[in-house]
Amino acid sequence: MKLLKMLQAMLSVLVILPVMATAALASSGGAPLPQQNWSFHGPFGQFDTAAMKRGAQVVAEVCLACHSVKYIKFDQLKQIGLTEVEVNAIAAAAGKNRKDAMLSSTDADAAKESFGVVPPDLSLMTKARKGYEDYLYGILTGYLKDEDKAAIDRALEDGTVSEAEIKELSVILSMDPHQPDKIRDAVQRIKNGDNFNKFFPGNFFAMPAPLAADGQVTYQDGTHSSVAQMSHDAVTFLAWAAEPTMMERKSAGIKVILYLVVLTVMFYAVKRRIWARIHH
Ligand code: HEC
């Protein structure tokens, strides 16, 4: 009886834990995150090599202007399938040598001067924020589009933001329509040139849209580089950077489980044999 109770308690903990984790994620502020399909999620998930290569290009050409990915050396990009020639080219574009770590071309003091904060290192970023990969993707795609900015300009034209305009703006900004003062503030700040992002908690932050236009990066493999595509690829690369040994970890895990299954079957057979003798 006691054992049954204990099992029941353990089971309910197993059921409750994921629910608690989801609740914690949901409370992160900002609009609900876009749910993306990441090839490397789940026990059998694999990194998409082509996406990683494209992502390395986006990160090297765009993000390294401000951020570092300090735990990865350019040379390690060979692990995702880039050739030495390609690695040399990527390092050279960032003003570095292939033996160097992927450090930003802007030093921390200069960045602080321009942005008021030092752009954080991106090595472990996919693991460092609530929402993980979806959050990073959200940040990269969550800036206002040209038509959104036009709608804001229209709303501000006559100097007042009417009730109807509040409603429209609340949809565009993913903000609560019942807090019109917050929306009016936000609209003013956007007008003054502050960076608005739907998914950043608090909405305003120091990073100007890094991927602002389709075609900003010219992909070697001919893939169309829409903002969504570049964002998805950059995040795939950063997920690899955060855990370059993920594939080895998963394949080791699968082997261990297979081993345990085989062992369990063998032990069961042994148990049956032993008890068969005792029962007779
Ligand atoms: C022009 C400089 C610049 C570029 C280019 C840039 N960033 Fe940023 N980034 C910043 C700054 C500044 C911050 C700090 C913002 C803050 O905390 O207000 C930041 C913050 C971030 C954050 C942290 C957000 C958070 O929750 O704290 C992520 C993630 C990020 N950047 C990803 C990227 C990626 C990926 C790229 C390349 C596609 C990129 N950034 C390109 C300047 C830049």
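Structure notes:
- When each of the peptides 189-199, 235-245, 45-55 is scored by the mean number of other C-beta atoms lying within 10 Å of its residues, the order from highest to lowest reads 235-245, 45-55, 189-199.
- Debye-sum result for the stretch 161-241 in log10 I(q)/I(0), which assumes one identical scatterer on each alpha carbon, at q = 0.13, 0.15, 0.16, 0.21 Å⁻¹: -0.57, -0.69, -0.75, -0.97
- For the chain, built as a Gaussian network whose Cα springs stay under 10 Å, the top-fluctuating residue of V171, V262, V118: V262
- Both radii come from the Cα set of the stretch 70-136: Rg as radius of gyration, Rh as Kirkwood radius; their ratio Rg/Rh reads 1.04.
- Full-extension gain in nm, S251 to I278, via 0.36 nm per residue minus C-alpha separation: 5.6 nm
- Here the residues M125, M247, M266, ranked from fewest to most Cβ neighbours within 10 Å of their Cβ, fall in the order M266, M247, M125.
- At q = 0.11, 0.13 Å⁻¹, base-10 log of I(q)/I(0) for the chain (Debye sum, equal scatterers on each alpha carbon): -0.79, -0.99
- Percent RCO, i.e. relative contact order, over the chain, from Cα pairs under 8 Å lying at least 6 residues apart: 25
- The stretch 90-170: projected area of the alpha-carbon convex hull, averaged over directions, in nm²: 8.9
- Within straight-line cross-link reach of K78, aspartates and glutamates at Cα separation under 14 Å, skipping those fewer than 8 residues along the same chain: E86, D100
- Residue order, fewest to most beta carbons within 10 Å, for L122, L82, L263: L263, L82, L122
- Among L136, L156, L169: highest mean-square fluctuation, GNM of the chain, C-alpha pairs under 10 Å: L156
- Of the residues V270, V69, V85, the one that moves most in a GNM of the chain with alpha-carbon contacts below 10 Å is V270.
Read-outs throughout are calculated quantities, based only on the coordinates presented, and are distinct from any laboratory measurement. Computed from a predicted model, the values in this text were never measured in an experiment. Cβ sites come from the backbone with ideal geometry, for glycine too, and all protein chains shown count toward neighbours.
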